[in-house]
Each structure stands twice: as C-alpha cells, then as structure tokens.
Amino acid sequence: MIVLNINGNPEQIEADPHTPLLYVLRDDLKLNAAKFGCGLGQCGACTVLVDHEPVFSCLLPISVLEGRYIRTVEGLGTADKPGPVQRAFIDEQAAQCGYCIAGMVMRAQGLLEHNAAPTEAQIRDYMAPNLCRCGTQMRILRAVRRAAKAMTASLDPIHEASK
Amino acid sequence: MNAPAQVSLTRRLFLATGGAVVVSFAVAPSGAVAQEGAMPAAPGTPPLPGSLKTSPMLDSWIAMDGQGRVTVFTGKAELGQGISTALIQCAAEELDVNVDAITLVTADTERTPNEGYTAGSHSMQDSGTAILNAAAQVRGILIELAATRLNLPANQLHAKSSAVLADDGRSVSYKDLVTGQDFHRPAGPTSPLKDPRTFTVIGKSMPRVDIPGKVTGAPMYVQDMRPDGMLHARVVRPPNYGAKLTQLDTGAIEKMPGVVKVVRDGSFLAVAAQGEFQAIQALHALSADAQWDQTGTLPDPATIYDYVRALPSNDTTILNQGAPGQQGVRALRATYHRPYQSHGSIGPSCAVALYDGGKMTVWTHTQGVYPLRDTLADMLHVPKEQVHCIQVEGSGCYGHNAADDVAADAALIARAIPGRPIRVQWMREDEHGWEPFAPLMISQAAASLDDSGKIVSWQYDVWSNTHNMRPAGPAGNLLAARYLAQPFPEPAPQPIPQPEGGGDRNGIPLYRVPNARVVSHFIPAMPLRVSAMRGLGAYHNVFSIESFIDELADAAKADPVEFRLRHLDDPRARDVIMKVRDEFGWETNAKLPRGRGRGFAFARYKNLAAYCAIALELDVERETGNVTLGRVVTAVDSGQAVNPDGIRNQIEGAIVQSASWSLYEEVTFDRNGITSRDWSSYPILRFPAMPASVDVHIIDRPGERFLGTGEAGQGPMAAAIANAVFSATGARIRDLPLSARRIKTAIGV
Amino acid sequence: MIGRLLAAVVAVIAIGFGAFYAWAWNSEIPPANPSAASFDPGIVAKGAQLAAIGDCAVCHTQTGGKPYAGGFPLTTPFGTIYGPNITPDAQTGIGAWSEAAFRRAMRSGVDRAGNHLYPAFPYDHFTKATDSDLSAIYAFLMTRDPVQQANRPLALSPPLNWRLFAAGWKLLFLTRGVFQPDPKQSPEWNRGAYLVTGLGHCGACHTPRNAFGAENDDHFGGGMGEGWLAPALNANSPAPVPWNADQIYAYLRHGFADQHGFAAGPMQPVVQSLRNVPDGALRAIATYVSTLPGPQDPAEVERRTKAALDFARSRDITVAAKPSAEPATTGSAATRQASSGAAIFAGACASCHHSGGTLPVSRPISLGLSTPVNEPDPTNLIRIVLGGIHPLPGDRGPIMPGFAGALTDQQIASLASYVRSQFSGQSAWPDVAATVSKLRQTPSPPMEAP
Ligand code: FES
Ligand code: FES
C-alpha cells in the first residue's frame, strides 16, 4: 500500500506500485479531471502538478510519488469557488469540448507558479506539450495572460492560494 | 456521472416527479434516417419549421412542471460546439422564462425527438428553429390559459419571467397555469414569434453552461462514467484492415491480475478487467499473443492520387450553364490535391454499455443516437426497442470518428458479460489507425478571362469517395461488425446529393460565371476507411476554388479582393468580404517585408449556410519553408446570431484546426497498413505555431434564419494560407498540406 | 590545466617571439560586396548542399533565430563561444567579405580583418575543402537574406581571450592542405572520406580532444559534443549491432536505423540539416564511415549482428508480463520495491518501450540495441531521460517526454541502472546518481524543448 498526498489529502492506494498515477486518480480516487488522451506522453490531457512541476500522469508510476505534493484540477477550486486560473478560463470561455482543458489549466498553473509574469513567447513554449484539437488555443492563451494579470494584481498569489 | 440515475430517469418518471401532466411521448415518424445533415420531411406532415417537420408534437420539445421548471428536449448532441447554451437561449427567449429555469435534455432514444445526426452545421437550423417555434406556441397556449383564468382577451396579456401579466396588473404564474394541462398537441403552422428587435436573450453572448464543470473536473464526459460494478475493456484491433485472427491462447491472459474475461467473436477480440491499467496491460499481452493472417494490402502511397483518380467513378454534372467551352483571351488550368486526414480527437473514443434483462443500454458520444440504435439492433439481431442509446459528451469529434464503433465494441462485450456496465475506450494508436478518415480528394479547375479581366468560362471537376459512411441501419457501418464470426458486409457507399453535397460540397462557385460546368466524380471504391469530417468536401473545394480565384486575379493583374467583389452579386457575401478588407486593412500591392505574405479567401458554407471571409498575414522562412502565422482577421454572417461568443469560439476553433490540417496533416500508410498511429507520426499544430491573433467580426442579421457556422471557416482558412504563401514566396502550392518541406522544395535554394 | 596552458606559452616563446609574431600577423583583406545576382544559381545550389553537410546553420543559428545570423552558444572546456553572423549583412555579417577573405577563414581560421579565429570554428577540417567547394559555399552564403544582428562577444577566460593563443594553437595543431584521395579506395569511399573529414567535420565531436582542445590521434574514438557523448565510430563503437553502410545511410537520411534507433541530442539537428543533401553524398559518407572500424570478417559481423538481435529480443519485456506478475507489495517492502527501477520502468517507460502487439510506427527499438544503453558512460541515457526527445514543429518523429520534473535524481539513477542491467547485459554504471545531478545542472539544448 502506498500513501499519496493528493490535493493536500493523504490517500491510501492499494494499486500496484507501477500503476501510472492517471489510472489511480480516475479509478481509485474517482477524480475526473486528468484524462486519458494517448498514454504516451504526447498530448498533455493527463497533466497534473507534482511539487509545482507539470507532469504527464499517464507515465508516472505511483511508486515514485510517495511524499510528493500532487495536485489536480479538483484541488484548484470548484465550479462555485474556482481558483484564479480556472476563473480566467471561465471568464475567457476557454473551452469547446473541454477534454484537454483540465490539462491546460494544470500546465498554466505550473507556469504561473514558476513565472508570475511570463512573456507571450514563454507562455506558448511552456504550453507546447499540451494539445487541443478543437482549436481553443487562442482563448487558452488569453486565459493564461488574464490569470497572470490577476495573479500579479492580487495580494494573494496563486501558489499561496493553491497551497 | 451517476449512471443508474440516468437509466431510471425515463420520460414518464421525470413527469411523475415533475408533476406536469404531459401524458405521452411524441414519437418521431419512423424511418427518419438522416443523411449527413439533411432532414427528410415525414410524409403527410405539414411543412413546419425546423425539426417540427419530423417531430410535430409540442411536448416532444418542451415540458413544464408544477414548480415552474422547464425541460427542453433536443435530438441534437452537445459536441463541444456550445449547442446546449444556444438552444436554452432560444427557449428562454420565446417562453419568457429565465435561462436558469431551463433544463436541457440532449439526444436520448427514449426521451428526445429523433433529429438524426448532429452534423452539417444543422443544429440551429433544425433544432434551434423547432425549439424557438415550439416555445412561442407554448407561450401562446399559456397566454390563452391565462385569458380564460382571468377572463380577459389574450391581447391584454403578455408573458414575462415565467408568468402571464395582465394590463390591469393581475398576473398568474406559469406553474399555476400548467397544472392540469397538457402540451401533447401538434404544433400549429404558425407561431406567435417575437419581433427580433425585442429579443433580450437571443443575440446576447451567454456564458456556456458546460464550461464551469469542464474547468473544474466535473464528470462531464462518457469517459468519466463509472456506474457501480463497471468493468474496463479494451479491444485488440487487427494489424490491418484485411487481417483475420487465426490463433490465440488466452489461458495466461485470463490469469492476469484483474482480468475478468477475454471476449472473442471471429476476429473481434477484447478483454475486460477490473482496472483500466489492468485492461491495458492485458491488451498488450493479448496482442503480443494473437496470430493474424494478414491479407489485403493498401495501394502504393507514392502514386495514391493517380491510383484513386483511375478508379471507376459515377459522374454527375451538378452545374451546366451557358457555353462552358467559351474561350476568353487568357486561359488557366490547375489541379489540387488533398490527402487523407484524421479527426484526431484528443480523447480516444469511448462508450459504456450495460446488457441487462434483454435490454442493451449504451451511453455514447455518437452524433446520432437514433441511427446508432437502429444499427446496433441490426448487429445484435434484436428489435430496436431493446436498444437504448443515451448521448453523453465525449472529446470533440469533428465528424464521424470512432464514436459509433466503440459503442458497438461496448455492446458486443456487454452482451458477453451481462449485468456489468462495460466501459471501453480506444487506445491512441487505434483511434489514429482505425477511425474513418476524411477522404483523399482531387480537383481540376479551368477557366478563361476576357480582356476586361472577367471570368467568361469555368470548368471544375472533383474526384472523391463518399463523405458519409455513418451508421444508418445496416450493421456493416460499425467496424466490429465486419470482424465477427458472421461478418456483416460494408454497405455500398452513397453520395450526398446536392444542394448540400458531399465530395462536391461547395463545388459550385458562388462567383458570377456565365458559362460554367461542374462535374462531380463519385468514386465508390474506398482503399482506406473514410467518412465525414468537418466541412466534408467543402474543405478541399473551397481550398481549390479560392486558390484558383487568386491565380485568376493574378493573371488579370487584379487585386484578389477586388477581383472577388467584381464577380459577386450576393450582398451578404460582399458584406463579409468588405468587412474583412476594412478590418484587416487590406491594401492592393501592400509593401511587405521580405518573406511576408498576405492571403484572402471567402466561402458560404454549402452555398447555403454561414458566410465567412478570412484575411491573414504570415512569414515564410526561406531556408526551411517554415510558416509563421501572423494576424488572422475574419468576418462571419450566421444570420440571426443567437450566442455571438459561441459563434466566435466556433470560428476561432475552425481557423486554428484548419491551419493545422493545411500546414501539417496527412494520414500516412504503407502497403501493410496505416503508419500514422499517434501524435508523433501524425503531428498537429502546437502552441508555439499558433497565429499571432485571430479576430472574429460577426455581422448579425436579427430576424434572419439561423445559418450553421461550425464548419464555415475550414475551407477559407486553407485557401487564405495558400494564397499568403504565394504572396510571400511566389510559389503556388496546390497540394495539401503546405508542409515546410513542400514549401522549401517549391521555393528552392 | 593552467600549467599546460603555460606550456603552450613557453612553446610559443620557444619559437622566438618575433618570428612567431611575423608568422602570426595577418593583413586585413579589403572589403568587397558582390551582388547576390552575380552568383551562378547552379553554384549556389551546390553550395547549399555543401553548407548542409558542413552543418553551418547549427552553430550559426540561435534557437528560434534567423538562419545563419549567429548567436548559438557553443560551450567548450575553455568557455562559451557564440557562432557569429554569417549572413551577407555588411555591418554585422560577412557582407563585406571577398571570396579570398572567406577562403582564408575556412582554410586558416583568420577573419577578414586579420584576427585569428578560435578553433571552435573547425578550420582544421574545413582546410581540407577544395577551392571549388569553398567558392560554392561562399556563393550560397552571399545569396542568403542579410540579417542585421550584432555578434555576441566570446565568454572565454583570460589569457585565452588573447587571440594570439589561437595562433599558437594553429602552430601546434593545424595541418593545412586539401584532402588527398587514397588511390587504393573507390571514388565513392574517397568522396565520403573527403566530406566526413573535411566539411562534415564529424571528428569535431566524434574524436577525443587533448588538453588544448585539439583532436588527438585516436580518430573517431568517441568524444563529446554539447554535453553529450559522441560515440566512437571506429572499432570501439559501443553499438551492439555493428554499423553497416545501409544502417548509417538510413540513420543520416531518416534519423532512424532499425538496428540502432533514433537520432537524439546534437545528432538531431545534424540529421535535419542533411535533409537537403542528395542520396549520393549520404551514401558516400555511409560507405566511408562503415570502414572506420577497419577490415572486418563478414562472417564475424553476421555472427555479432545475430547475437545482438537475439539477445535484445530475449531481454524485451511485454508490458503485462513482468511487473503485474509481481504481487502487490506492502509495508516498508513497498517503499523499496516502489523506488526500484523495475517499477519505474513498468509505469513510466513500458507504455512505449514494450514488445507487446501492434504498436505505433515511431515506436522505439529494443532497448538492448540502443547505443546509449550500451555506452560505457550513462550520460546520453540520462540526458534523454531528463530532457526527452522532441521533433521539430510539424515534423514526424519520436516524442519522448522529459522526466526532469517528474523523477528525482535517485529515481532516475535506479531507472538507468535497471535499464542497463535489464537490456544491455553489461557491467553496471558507477555512481549514476552523481552523474544525474551533474547533468541536471548543465542542461543541453534538446532539454530546453518541451
Ligand atoms: S495522456 Fe498523458 S500525455 Fe497524453
Ligand atoms: S477544447 Fe476540445 S480538445 Fe481542447
């Protein structure tokens, strides 16, 4: 049995240690945000944060995650009380089918925790691992810029809010 | 997602709990099988607006309960295009109820009208129009009821936020009025529609109802369903189209952790397990173990265009006017190619099926629950009534991807494991390798100009497979059905007739061409599996025609925008073009830095739906042929705009997606099978390659018919890119995609 | 190190300062600015191919910058050197260079003004190029789009920044002279040898360097490039399957050879640059390189090939087979088991690196055949695990995510050690964890990609 810190809660996991986090999040913990897109590390639909780093949960066995700080979209806020990045995605209406969006939100969160005021080029490069097929990218870029503004403006920076 | 609730929440139960008195369900006329988009009118019904044609009963669309809750039913599916929000706006507007009072129920074979497929940008035209009219008629009924109740003439009453108000100040709420009432009556031929100028909900951008859930991880998708007792299943696809399963030893695999059952029927092979990762591991073990007899090879990719062009075709002349042979002073001819391309949904297709007490229930992200139900029934050899299809959102599909195939997979596995809900999701490699692709297309354009620089004659030929192999009854349209021990034959492909057209969609130019001939060459034989992808033939035909128009403008030494206007009479077409010209700041022979180009393109989707013009700027890197997209400016006329931001979202999406198709995308294969099997072998546009900006200008037409918008941007974007590459490099590229290599080869050292 | 440098100074003095200075002094060559139109397109086209073989774009283009406009940081043991702007811009590029000035730079490492250039610019190889090839490259460069972009100053530690040291270096290590064909060999072999040892400057990475940064006599014995190992191409090649001409050709043409794997690290841009090079030249290069290990007995090569392929296959794992056969572990055993390389491999790598069933086409080869896994040093394997492999935008090619953010040094170390023992059958690598943390501190360009 492995104990994982998911969104601040200790979770006891029975699954085999080599099971990738994605399946543990979805099957064992019934968290829907992280999605199966390729299982190959090519699309980012499964992106979550581990110690502030965006990672592909489809290729990350739980065996390496004991004692690390794992966050999913569920940990950032709720529909009634969305976190700053989620808020920005809602304000920009940055979703079509939305299948990629949880991964986008997590990568954006990771970016802003490293760099509160990224340039346009930095945003585009940092978001590159995540694919969107609906063509929502222009809105996602707007949402990330908006979140960055909100974050630098607010006295309560995102990574504070998310701890 | 709470599946059991979904199962039990039948229409009748809903009514019982809801308290309204809507006695029965209005069944759609049987045999209403939709072509891609086209809704056949049911015999005998009066020509009612939109889908009221096929589902005329008001209570098929609207129910109201004693608490004042309104339920609106649509046979269309939410595909991420934001249709739910727009339909709610239509109902709220004409019913005079608050949008939050409305619950929308989407495609469900036991609850909603049969609106065929959600495709061809028809949802607003079909369902939006029906709901708008049904809502207006229900409002009319409520006002009459109030008139009797208050005994006042109806003309002294008006509806406002879920109540009818009398001029004398008295009012009665909808919920009091509906008690003991019944909307189970056919819609009248006319509806008391509001004057569009008085609209307060329609035409205003409304935040999409689904987005908060989507950004916070709510269970929105069929992929997120996990009803009690659910098993995860995976299907082992053959190595290629023709392969047959010859040998298999499942002993070891059935002993693997979590594995519940290996299901085999002929060459259909699947495994069900407790956990998803366990199912995936069992899948790998199974496919390592399975022996296949690999018959059937694909054509040589090096000569695929000649190969397809040489296949027998059924030719139809879809336009013939004047004397097409007419010669001008200057003649041009060009040939354009479009490769097989992939829908490439980010989430591989998924379905959940439960076989219980002889009843098969399937939760699916199909675009057509009714046609899928009929087709599943055929595959399972059961009457339609024993199959229940419920549409639940999936990853965006952009046409006929594997959504229906995976529903069939789930049903077959569920039948073998009764009583357990079965969740099947395809693997990335299978989604890319087995989905029906957008067909390869070839077109040839010839035209001549007179000395005043006008087009005197026009000849256009287009060669294409069908763009519609959607399930419509015969099981052979479902992938798995072709691999069963008793396989179902693949039904003969049918062309989609004009005016909508399939391969010849948008094959007829909107431009004034006095002498013209357009021939559609329909090729029945399908070397690769194909079907509908966003825009169908319009993507290639608009790419071809709008590229060719630029070539003609160049030959006529005319500005491409002015040249288009020179040949267009339709004022709405001219308006979008002039809007883009002005917003973009298009100047004739603008002086541009080295390597920069500008391109313009226009089309009216299907020559029937939304108008869209695009101007863009891009840079071509001379040493590599790499394209960097600059600003993109577009104008769209969708008739009456219901949710302007929804339209903007759709057009932005179409532009980015078409940029990806047009710059990068091509399905690859060798003699043995498909070789583009994931994102590394089928790259699509990533963030760093996005345009610098995309501006969408909406020309709203209050009171005009809704015009489908979802597919309007695809063709114009492809042509605008090709035209801009020409303006940047002087190289005219007529083959899609405009890859860096192709551009570099064209510009040389 | 400094001691050795002093030795060089002494060497220089020994020659006699005056004489040396006279020898080392070069006059400025007067400016010229030939018009792009004055070059024969045929010659320009030939120059394009030679420039591609010479890989000019790589060191003279900044990531995301304009081709040939310079700015690429080349890290050497002596400091960082930035490739200069070689577009025909008169102020910041080589727009004012006459062909004579260009030839002098390529042959003698002296710029137009007469300054000695540092040997990071491989004139020790370019000096072998023929006059006509140099004129073709000149014609190609002078017909590029001029880009105004000032050169970045070099970041070398004194006294190296004293350019006369470059002169001293040349005196000791530069052998001028055009390539001389070997009459005993075929014309194709000679063409290959000319391209590889001359413009291709393959030895610049694949040959070990001495304390002065000069290539030593162990030609193609394996060196370093941009923080990556450049494997030996001679008899010491670590590749389990002996390279043959066809495999080398496939690797250079497509960046993939089915018995060796995909090009990664600094070889990726090399392969990209070779795209516009015709098959003939690549075949010639392959022919020459395939002979670097020296004469070989075909039967022996066949035996080694078969043995390597069989061994690799025997070590392949089907995802399902191994790990899930292990019982779910518990308690403190879990922790050990959990951090074990096998479990990491099963969850992080096996989704792609497995032998089960039908797979994507850009699927990796058996790791048993992979050179990084079989190298005596884990550097390249660790670099790939940290940074992944990423194709150019729009290109087809393997995508492997980097695990720098996901795995700790210790975890990457146990993964690497597991991969070594599972797939290579060779002795374990020493203190892998230390190498991981060292490499993490010095990311190499491919690691910057997503
Ligand atoms: S699902 Fe993990 S990267 Fe695609
Ligand atoms: S919103 Fe559909 S994939 Fe991104």
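So, in the stretch A:106-133, of the ones that are part of a loop (DSSP other than H, G, I, E, B) and more than 16 Å from ligand 1 (Cβ to nearest atom), which residue ends up surrounded by the most Cβ atoms within 10 Å (Cβ to Cβ)?
Taking the stretch A:106-133 first, the residues part of a loop (DSSP other than H, G, I, E, B) are A:115-119, A:128-133.
With more than 16 Å from ligand 1 (Cβ to nearest atom) added as a condition, the list becomes A:115-119.
Numbers: A:N115: 13, A:A116: 13, A:A117: 11, A:P118: 19, A:T119: 9.
By that ranking, first place goes to A:P118.
Given the conditions (1) within 14 Å of chain C (Cβ to nearest Cβ); (2) within 18 Å of B:I413 (Cα to Cα), and given that B:P239 satisfies all but one, which numbered condition is not satisfied?
(2)
Might you let me know whether the stretch B:338-347 holds any residue that is touching a Cys at 6+ places or on another chain (Cβ under 7 Å) and over 25 Å from B:D670 (Cβ atoms)?
Yes.
Give the stretch B:197-250 a look and list any residue that's of a type in the set (A, V, I, L, M) and in a loop (DSSP other than H, G, I, E, B), or say none.
Residues of the stretch B:197-250 that are of a type in the set (A, V, I, L, M), as a first pass: B:201-202, B:206, B:209, B:211, B:215, B:218, B:220, B:222, B:225, B:230-231, B:233, B:235-236, B:243, B:245, B:248.
Within the stretch B:197-250, B:V201, B:I202, B:M206, B:V209, B:A218, B:M220, B:M225, B:M230, B:A243, B:L248 meet the criteria.
All but one of (1) crowded, with 24+ Cβ neighbours inside 10 Å; (2) within 13 Å of chain C (Cβ to nearest Cβ) hold for A:V85; state the number of the condition that does not hold.
Failed condition: (2).
Which pairs turn up if I take residues in the stretch B:602-613 that are assigned to a helix (DSSP H, G or I) and look for partners that are at pLDDT below 95 and polar (S, T, N, Q) with beta carbon separation below 9 Å, at least 6 apart in sequence or on another chain?
Pairs found: B:Y605/B:S121; B:Y605/B:T709; B:K606/B:S121.
Condition test on A:G103, is it more than 9 Å from chain C (Cβ to nearest Cβ), surrounded by fewer than 24 Cβ atoms within 10 Å (Cβ to Cβ) and modelled with pLDDT of 95 or more? It would help to see each step written out before you state the result.
Values: more than 9 Å from chain C (Cβ to nearest Cβ): yes; surrounded by fewer than 24 Cβ atoms within 10 Å (Cβ to Cβ): no; modelled with pLDDT of 95 or more: yes.
In short, no.
Can you go through B:A288, B:A282, B:A273 and tell me which one is under 21 Å from C:H353 (Cβ atoms), in contact with a Gly (Cβ under 7 Å, 6 or more places away or on another chain) and crowded, with 17+ Cβ neighbours inside 10 Å? Before the answer, list the steps.
Values: B:A282 fails: in contact with a Gly (Cβ under 7 Å, 6 or more places away or on another chain); B:A273 fails: under 21 Å from C:H353 (Cβ atoms).
After applying the criteria, what remains is B:A288.
Taking the residues in the stretch B:585-639 that are of a type in the set (S, T, Y) and within 14 Å of another protein chain (Cβ to nearest Cβ) as candidates, determine which candidate is surrounded by the most Cβ atoms within 10 Å (Cβ to Cβ).
Step by step, filter the stretch B:585-639, then rank; the result is B:T634.
Looking at A:E11, A:E66, which is the one that is facing chain C (nearest Cβ under 8 Å) and surrounded by fewer than 21 Cβ atoms within 10 Å (Cβ to Cβ)?
A:E66
Consider the stretch A:106-154. How many of its residues are polar (S, T, N, Q), in contact with a strand residue (DSSP E or B) (Cβ under 7 Å, 6 or more places away or on another chain) and within 9 Å of chain B (Cβ to nearest Cβ)? Explain how you work it out, then say what you get.
Applying the first criterion (polar (S, T, N, Q)) to the stretch A:106-154 yields A:109, A:115, A:119, A:122, A:130, A:136-137, A:152, A:154.
Okay, now just the ones that are also in contact with a strand residue (DSSP E or B) (Cβ under 7 Å, 6 or more places away or on another chain), so A:109, A:130.
Narrowing the set further to residues that are within 9 Å of chain B (Cβ to nearest Cβ) leaves A:130.
Residues that pass the stated criteria total 1.
Filter the stretch B:119-151 for residues that are of a type outside the set (A, V, I, L, M) and in contact with a strand residue (DSSP E or B) (Cβ under 6 Å, 6 or more places away or on another chain); which is modelled with the lowest pLDDT? Working first, answer last.
Going through the stretch B:119-151, the residues of a type outside the set (A, V, I, L, M) turn out to be B:120-123, B:125-129, B:133, B:137, B:139-140, B:144, B:148-149, B:151.
From what is left, the residues that are in contact with a strand residue (DSSP E or B) (Cβ under 6 Å, 6 or more places away or on another chain) are B:125, B:128, B:139, B:149.
Numbers: B:Q125: 87, B:G128: 94, B:R139: 95, B:R149: 92.
That would be B:Q125.
Can you tell me how many residues within the stretch A:83-102 are in a loop (DSSP other than H, G, I, E, B) and away from ligand 1 (no atom under 16 Å from the Cβ)?
Residues of the stretch A:83-102 in a loop (DSSP other than H, G, I, E, B): A:83, A:92-100.
So of that shortlist, the ones also away from ligand 1 (no atom under 16 Å from the Cβ) come out as A:83, A:92-96.
Total meeting the criteria: 6.
Restricting attention to the stretch B:414-430, and to residues there that are assigned to a strand (DSSP E or B) and either within 16 Å of ligand 2 (Cβ to nearest atom) or more than 14 Å from chain A (Cβ to nearest Cβ) (or both), which single residue is farthest from B:I674 (Cα to Cα)? Please lay out each step first, then the result.
The initial filter retains those residues of the stretch B:414-430 that are assigned to a strand (DSSP E or B), namely B:422-425.
Restricting the remaining residues to those that are either within 16 Å of ligand 2 (Cβ to nearest atom) or more than 14 Å from chain A (Cβ to nearest Cβ) (or both) gives B:422, B:425.
On the way: B:I422: 28, B:Q425: 20 Å.
Applying the filter and picking the extreme gives B:I422.
When you scan the stretch A:23-41, how many residues do you find that are in contact with a strand residue (DSSP E or B) (Cβ under 7 Å, 6 or more places away or on another chain) and among the small types (G, A, S)? Even if it seems obvious, please write down each step before you answer.
Taking the stretch A:23-41 as the starting set, the residues that turn out to be in contact with a strand residue (DSSP E or B) (Cβ under 7 Å, 6 or more places away or on another chain) are A:24, A:28-29, A:34, A:36, A:41.
Cutting the leftovers down to among the small types (G, A, S) gives us A:34, A:41.
Count: 2.
Please work out which residue is farthest from ligand 1 (Cβ to nearest atom), limiting yourself to the stretch B:382-398 and to residues that are away from every other protein chain (no Cβ under 12 Å) and not in a helix (DSSP H, G or I).
As a first pass, look at the stretch B:382-398 and keep what is away from every other protein chain (no Cβ under 12 Å): B:382-392.
Now narrow it down to the ones that are not in a helix (DSSP H, G or I): B:382-383, B:387-392.
Values: B:V382: 36, B:P383: 40, B:V387: 32, B:H388: 31, B:C389: 27, B:I390: 26, B:Q391: 24, B:V392: 20 Å.
Selected residue: B:P383.
Going through the stretch A:39-65 one residue at a time, which ones are under 10 Å from the mean Cα position of the chain (by Cα), within 16 Å of ligand 2 (Cβ to nearest atom) and part of a loop (DSSP other than H, G, I, E, B)?
Answer for the stretch A:39-65, where residues must be under 10 Å from the mean Cα position of the chain (by Cα), within 16 Å of ligand 2 (Cβ to nearest atom) and part of a loop (DSSP other than H, G, I, E, B): A:G44, A:A45, A:C46.
Looking only at the stretch C:62-78, decide whether some residue is more than 23 Å from C:F173 (Cβ to Cβ), of a type in the set (S, T, N, Q), modelled with pLDDT of 95 or more and surrounded by 13 or more Cβ atoms within 10 Å (Cβ to Cβ). Spell out how you get there, then give the answer.
Applying the first criterion (more than 23 Å from C:F173 (Cβ to Cβ)) to the stretch C:62-78 yields C:62-73.
From the residues that got through so far, the ones that are of a type in the set (S, T, N, Q) too are C:62-63.
Then drop every residue that is not modelled with pLDDT of 95 or more, which leaves none.
No.
Restricting attention to the stretch A:16-38, report how many residues are more than 7 Å from every other protein chain (Cβ to nearest Cβ), surrounded by fewer than 24 Cβ atoms within 10 Å (Cβ to Cβ) and part of a loop (DSSP other than H, G, I, E, B).
1
Considering only residues that are among the hydroxyl-bearing types (S, T, Y) and within 11 Å of chain C (Cβ to nearest Cβ), which ones fall in the stretch B:285-301?
The first filter runs over the stretch B:285-301 and keeps only residues among the hydroxyl-bearing types (S, T, Y), leaving B:287, B:295, B:297.
B:S287, the sole residue that qualifies.
Of all residues being aliphatic (A, V, I, L, M) and facing chain B (nearest Cβ under 7 Å) in the stretch A:88-100, which is surrounded by the fewest Cβ atoms within 10 Å (Cβ to Cβ)? Just the residue, please.
Pass one, the stretch A:88-100, residues aliphatic (A, V, I, L, M): A:88, A:90, A:94-95.
Cutting the leftovers down to facing chain B (nearest Cβ under 7 Å) gives us A:90, A:95.
Working: A:I90: 20, A:A95: 30.
Here the residue is A:I90.
Is it fair to say A:D80 is within 20 Å of A:Y126 (Cα to Cα) and either more than 14 Å from ligand 1 (Cβ to nearest atom) or within 11 Å of chain C (Cβ to nearest Cβ) (or both)? Even if it seems obvious, please write down each step before you answer.
On the way: within 20 Å of A:Y126 (Cα to Cα): no; either more than 14 Å from ligand 1 (Cβ to nearest atom) or within 11 Å of chain C (Cβ to nearest Cβ) (or both): yes.
No; evaluated as a whole, the condition is false for this residue.
Is there a residue being of a type outside the set (A, V, I, L, M, F, W, C), more than 22 Å from C:T197 (Cβ to Cβ) and assigned to a helix (DSSP H, G or I) anywhere in the stretch C:276-291? Step through it out loud before you land on a result.
Quick first cut of the stretch C:276-291, residues of a type outside the set (A, V, I, L, M, F, W, C) only: C:276, C:278-280, C:283, C:287-288, C:290-291.
Still in the list and also more than 22 Å from C:T197 (Cβ to Cβ): none.
No.
When you go through A:L21, A:L40, A:L59, A:L49 one by one, which is the residue that is in contact with a Gly (Cβ under 9 Å, 6 or more places away or on another chain), within 16 Å of ligand 1 (Cβ to nearest atom) and without any contact (Cβ under 8 Å) to a residue 40 or more places away in the chain?
On the way: A:L21 fails: without any contact (Cβ under 8 Å) to a residue 40 or more places away in the chain; A:L40 fails: in contact with a Gly (Cβ under 9 Å, 6 or more places away or on another chain); A:L49 fails: without any contact (Cβ under 8 Å) to a residue 40 or more places away in the chain.
Just a single option satisfies the conditions, and that option is A:L59.
Do you know which residues across the stretch C:287-331 are closer than 19 Å to A:P61 by Cβ and at pLDDT 95 or above?
First pass over the stretch C:287-331, keeping only residues closer than 19 Å to A:P61 by Cβ: C:317-331.
Passing the criteria: none in range.
The values are calculated or read from the model by the stated rules, or taken from the named source; none is laboratory data. Note that the structure is a prediction, hence the values are computed from the model and not measured. Counting neighbours? That spans all protein chains shown, and the Cβs are built from the backbone with ideal geometry, glycine included.
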